[in-house]
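The values are calculated or read from the model by the stated rules, or taken from the named source; none is laboratory data. Just so we're clear, the structure is a prediction, and the values are computed from it rather than from any experiment. We place every Cβ from the backbone using ideal geometry, glycine too, and count neighbours over all the protein chains shown. These area figures cover heavy atoms from the full protein model, side chains too; ligands, DNA and RNA do not enter into them. Shrake-Rupley method; radii C 1.70, N 1.55, O 1.52, S 1.80 Å.
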Amino acid sequence: MRKTVAEVLEAKEGEEVELLGWIWNKREHGKLIFVDLRDGTGLVQVAAKAGTTDQESLELLRHLGRESAVKVRGLVARDPRAPFGLEVRCLRAEKISESIGDFPLRKGMGAKALYDLRHLHIRSPKLAALMRIRSNFIWAVHEFFRSRGFVEVHCPTFITAAVEGGATLFEVNYFGRKVYLTQSVQFYQEAAIYALGKVYSVQPSFRAEKSRTPRHLTEFWHVEAEMAHADLETLLRTIEDLVRYAVIRTAELSERELKFLGRKIRVEEVEGPFYRIRYSEALDLLRRKGRELPWGSDFGAEEEKIVSSEFERPVFVTHYPKEAKAFYHKVDQEDRRVTLSADLLAPRGNGEIVGSGVRTDDLEELLQRIRENGLNPEDYAWYIDLRKYGSVPHAGFGMGVERVLKWILDLPSVRVAALFPRTPSRTYP
Ligand code: 4AD
Ligand code: MG
């Protein structure tokens with residue numbers, strides 16, 4: 001009869017259950033004590049009163065403060081007045097451990113104070129529900145890749161050369177040598193496709209971006225994949241299928257959490273085909289919206305917002321100019337000013353959630369692109385090596401987990417989607 005809160009919410013009227021949880025809130029109405037009891041799975045109302053609950057337990061519940069840990073035994077009762085239409089009528093309560101002093105979270109606290117107390121704030125049933133949805137999303141991502149024959153790989157975090165440009169590298173003192181934290185595992189995945197064909201990974205990436213925006217973390221979780229023998233069309237279709245599957249599946253898996261949060265995932269935003277426009281068309285669109293940008297410059301948050309607001313479903317912006325993209329992007333043979341690259345922008349002004357492209361697979365061309373970008377080929381020796389032995393056309397992408405969650409859950413910032421967010425000003429707790 002020991003049950004989780006989630007199981008209790010499904011239990012039958014009159015069933016006797018035992019719960020292990022924490023007192024999230026307590027209300028006393030005369031002789032009645034209502035406890036909002038939470039565990040890892042949800043929140044349920046426990047009602048204690050003389051007659052049903054034994055005297056010792058009543059006194060205990062009256063005395064215990066917020067976040068004290070308790071064991072409760074009681075009977076399940078349907079009651080339309082209770083949250084979720086159900087409560088547990090307490091027969092007996094036992095203390096597991098008592099909170100020492102007042103629990104420091106209070107209503108109306110500001111964001112900074114709450115992030116300072118993140119180690120306690122994550123107990124809030126709302127945040128816990130968000131973290132369960134995040135877990136479901138990652139699960140869905142794994143399901144997708146496994147069903148498509150991708151092999152999961154785990155790549156190093158310490159690296160010696162930039163993937164996404166030097167400006168956003170975090171330096172680490174590695175036994176007196178300078179190394180960096182990875183910005184993307186792409187290069188390792190490019191090595192791995194020659195061993196495994198199609199690979200993916202889910203791991204953190206690091207960016208020393210001082211930008212304090214609702215879209216940037218210094219440490220974010222990155223879903224990346226790389227495919228041998230893939231062209232731009234295969235790449236775009238794979239990304240589209242992944243995003244569609246993961247969003248719809250997350251909604252399915254998270255029904256209870258979404259109901260608890262009073263939120264909906266707008267699955268209609270991913271059901272239809274995603275839009276595709278070229279960089280040059282996006283420039284025209286921006287010009288029509290009053291934003292003039294010279295050809296070749298990359299889009300910032302503002303430009304992405306304007307473009308993505310024009311579409312009710314995600315939109316791929318493809319064929320970015322060479323100068324707007326990293327050296328590894330393959331140049332389009334039909335128009336050598338542009339690359340076979342694509343960013344996926346999420347609707348409602350959410351902006352970029354996926355960065356992707358076909359890779360330069362020719363040795364000479366890669367060397368030339370490295371030099372053009374003012375980089376030293378020696379720093380990329382092993383990466384260049386990959387073009388010497390059976391090089392094939394290949395493509396891949398990276399998707400920011402917190403960016404997708406911000407979009408589908410309508411969060412004010414990517415920070416909310418991280419258990420312990422890392423930003424330029426925050427490495428604690
Ligand atoms: O567009 P990015 O920089 O692409 C790459 O890193 C490629 N090497 C990936 C690949 O092809 N394997 O980053 C990919 C995605 C972005 O679209 C965004 O969703 C997320 O990573 N991202 C961030 N998310 C949160 N905070 C940041 N500072 C982010 N920087 C990138
Ligand atoms: Mg990008």
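Summary of values
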| read-out | value |
| --- | --- |
| Selection within region 221-242 - open to solvent by less than 30 Å² (accessible area, probe 1.4 Å) and near ligand 1 (Cβ under 9 Å from one of its atoms) | 222, 223, 224, 225, 226 |
| Residue in region 63-82 that is without any contact (Cβ under 8 Å) to a residue 40 or more places away in the chain, open to solvent by 10 Å² or more (accessible area, probe 1.4 Å), in contact with a Lys or Arg (Cβ under 9 Å, 6 or more places away or on another chain) and under 17 Å from residue 3 (Cα atoms) present | no |
| Some residue of region 336-348 being assigned to a helix (DSSP H, G or I), away from ligand 2 (no atom under 15 Å from the Cβ) and more than 34 Å from the chain's Cα centre (by Cα) | no |
| Selection status of residue 179, more than 19 Å from the chain's Cα centre (by Cα), more than 14 Å from ligand 1 (Cβ to nearest atom) and buried (at least 16 other Cβ atoms within 10 Å of the Cβ) | yes |
| Residue tally, condition touching a Ser or Thr at 6+ places or on another chain (Cβ under 9 Å) and either open to solvent by less than 50 Å² (accessible area, probe 1.4 Å) or more than 18 Å from residue 121 (Cα to Cα) (or both), over region 39-55 | 5 |
| Members of region 95-119 that are assigned to a strand (DSSP E or B) and surrounded by 13 or more Cβ atoms within 10 Å (Cβ to Cβ) | 95 |
| Every residue from region 381-415 that is open to solvent by 10 Å² or more (accessible area, probe 1.4 Å), in contact (Cβ under 8 Å) with a residue 40 or more places away in the chain and assigned to a helix (DSSP H, G or I) | 382, 403, 406, 415 |
| Any chance residue 184 is assigned to a loop (DSSP other than H, G, I, E, B), within 29 Å of residue 234 (Cβ to Cβ), touching a residue at least 40 places away in the same chain (Cβ under 8 Å) and hydroxyl-bearing (Ser, Thr, Tyr) | yes |
| Qualifying residue in region 352-372 (condition: within 16 Å of ligand 2 (Cβ to nearest atom) and modelled with pLDDT under 95) | no |
| Helices (runs of 4 or more DSSP H) contained in region 226-327 and holding at least 2 residues free of Cβ contacts under 8 Å to residues at least 12 places away in the same chain | 232-253, 255-261, 279-288 |
| Residues satisfying the stated conditions in region 29-40, i.e. of a type outside the set (A, V, I, L, M) and modelled with pLDDT of 95 or more | 34, 36, 38, 39 |
| Verdict on residue 290 being over 23 Å from the mean Cα position of the chain (by Cα) and either open to solvent by 50 Å² or more (accessible area, probe 1.4 Å) or within 30 Å of residue 84 (Cα to Cα) (or both) | yes |
| All strands (runs of 3 or more DSSP E) inside region 1-92 with 1 or more residues being basic (Lys, Arg) | 16-29, 32-39, 69-78 |
| Selection count, region 377-429, where residues are among the aliphatic types (A, V, I, L, M) and within 16 Å of ligand 2 (Cβ to nearest atom) | 5 |
| Residue list for region 363-375, restricted to those being under 34 Å from the mean Cα position of the chain (by Cα) and more than 16 Å from ligand 1 (Cβ to nearest atom) | 374 |
| Which numbered condition residue 209 misses (of (1) surrounded by 18 or more Cβ atoms within 10 Å (Cβ to Cβ); (2) near ligand 1 (Cβ under 9 Å from one of its atoms)) | (1) |
| Selection within region 164-181 - within 16 Å of ligand 2 (Cβ to nearest atom), in contact with a strand residue (DSSP E or B) (Cβ under 9 Å, 6 or more places away or on another chain) and part of a loop (DSSP other than H, G, I, E, B) | 164, 169 |
| So residue 365, is it assigned to a helix (DSSP H, G or I) and open to solvent by 20 Å² or more (accessible area, probe 1.4 Å) | yes |
| Pair list, Cβ < 6 Å and 6+ apart or interchain, from region 148-165 residues that are open to solvent by 30 Å² or more (accessible area, probe 1.4 Å) to residues that are in a strand (DSSP E or B) and away from ligand 1 (no atom under 15 Å from the Cβ) | 158/179; 160/179 |
| Positions within region 330-356 being within 15 Å of ligand 1 (Cβ to nearest atom) and open to solvent by less than 10 Å² (accessible area, probe 1.4 Å), in sequence order | 339, 341, 342, 343, 344, 345, 346, 347, 351, 353, 354, 356 |
